Amino acid sequence: MEKHWKKEKIMLVDTHAHLQWSSFKHDREKVLNRARRAGVKSIVNIGFNIEASKQGIELAEKHEGLYAAVGVHPHNAKDLDNYVLSELRKLSKNRKVVAIGEIGLDYYRNLSPREVQKWAFEAQIKMAKELGLPIIVHDRDAHSDIVDMLSKHSKMRGIMHCFSGSRDMAERCIEMGLYISFAGPVTFNKSHKLREIAATIDLDKILLETDCPWLSPQEVRGKRNEPANLVFIARKIADLRRMTLAAFSEATTRNAASIFAISEKSPR
C-alpha cells in the first residue's frame, strides 16, 4: 500500500470512521500510525448510540487529529427518548464533538420501526440545528423519505454519509446545503453510476470516508477496513476527475475543515 502514498504528499480527512468498534481493540494504535503515514491527518469517529458516542469522544480526547460525532443510528432509534436526547446534548458540548450523527433512516434492515426511525431522525435534526452542528445522515433504501424530511428544514448543514443515491438526489442534497461523502463502494468494479456522480458533481461538496471497519475499497476488499485505506478512495475519484491526487486531497480536506469547523493545519 505504501507505494501509493509515497508518490505524492497528501493530506486527507476520514470523515466517517468507527475506531471504537471492538475489531480495533488490540491494534488501534498501529491503525492510527498507519493512517498518519498514509496522509490521513484527521479522523471523525461516529457515534451510533450513547455508549459508542462516549467512546468516540474518549478516543478523540486522547489523540491529536481525532474528532467525534454523537448520535443515535436508525437501527437504535427505538432506544431514543427525551433522556437520551438530553444526554446527547451534554456530550455535544465537548470541544472534540463536531457533528450529530450518524442519524437517518434504514429501510434495509428495519431494526427499528420506520415511524420510530422518522421520529428519531427529526428529533436529532432539530437538536443539531439548535446546537449549530452539522448532521451526518445514514440513508439505506430510504432515499425518498430522507429527501422529503431534509427538505422541510432550511439552511441545512450536513453530510450524506456513504452516498448511494442517484445524481438527481445528489444535486438536490447539495442544493439543500449538504455535502456528498464517498466511501469504498465508489472503487467497486460495478459501481458505474456512483463513479459518474463522483466524477462530475461540484468538487466543493465532496467528502471522503472509510466507514471502517466496513466497506473496504476494492484493493483490500474482504479485509477489515481502516483509515489508511482512504487513499484508495481518494485516488479513484481523483483519477475519475482527471486531477492529481494531491490537488483532489487538498480540496476534500478543505471541504472537511469547512463543514466540521476544524483547522486544516493544526489538529486539536
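Just so you know, all these numbers are worked out from the coordinates, no wet-lab data involved. This structure is a prediction, so every number in the text was calculated from the model and none was measured. Glycine gets a Cβ as well: all are built from the backbone with ideal geometry, and neighbour counts include every protein chain shown.
Here are a few things to note about the model shown:
- One residue from 40, 98, 72, 31 being surrounded by 24 or more Cβ atoms within 10 Å (Cβ to Cβ), over 18 Å from residue 131 (Cα atoms) and in contact with a helix residue (DSSP H, G or I) (Cβ under 8 Å, 6 or more places away or on another chain): 40
- Checked against the criterion of being exposed (fewer than 15 other Cβ atoms within 10 Å of the Cβ), among the basic types (Lys, Arg) and in contact (Cβ under 8 Å) with a residue 24 or more places away in the chain, the candidates 224, 235, 167, 241 yield just one match: 167.
- Test for residue 33: is it closer than 19 Å to residue 210 by Cβ and polar (S, T, N, Q): yes
- Residue ID - farthest from residue 231 (Cα to Cα), chosen from residues in the range 38-75 that are touching a Pro at 6+ places or on another chain (Cβ under 9 Å) and among the β-branched types (Val, Ile, Thr): 43
- Residue check, residue 80 closer than 28 Å to residue 126 by Cβ, in contact (Cβ under 8 Å) with a residue 12 or more places away in the chain, surrounded by fewer than 18 Cβ atoms within 10 Å (Cβ to Cβ) and aliphatic (A, V, I, L, M): no
- Single residue of the range 196-217 satisfying the filter (within 18 Å of the chain's Cα centre (by Cα) and in a helix (DSSP H, G or I)) that is farthest from residue 11 (Cα to Cα): 197
- For the range 166-195, a residue qualifies if it is part of a loop (DSSP other than H, G, I, E, B) and of a type in the set (A, V, I, L, M, F, W, C), and the qualifying residues are 176, 183, 188.
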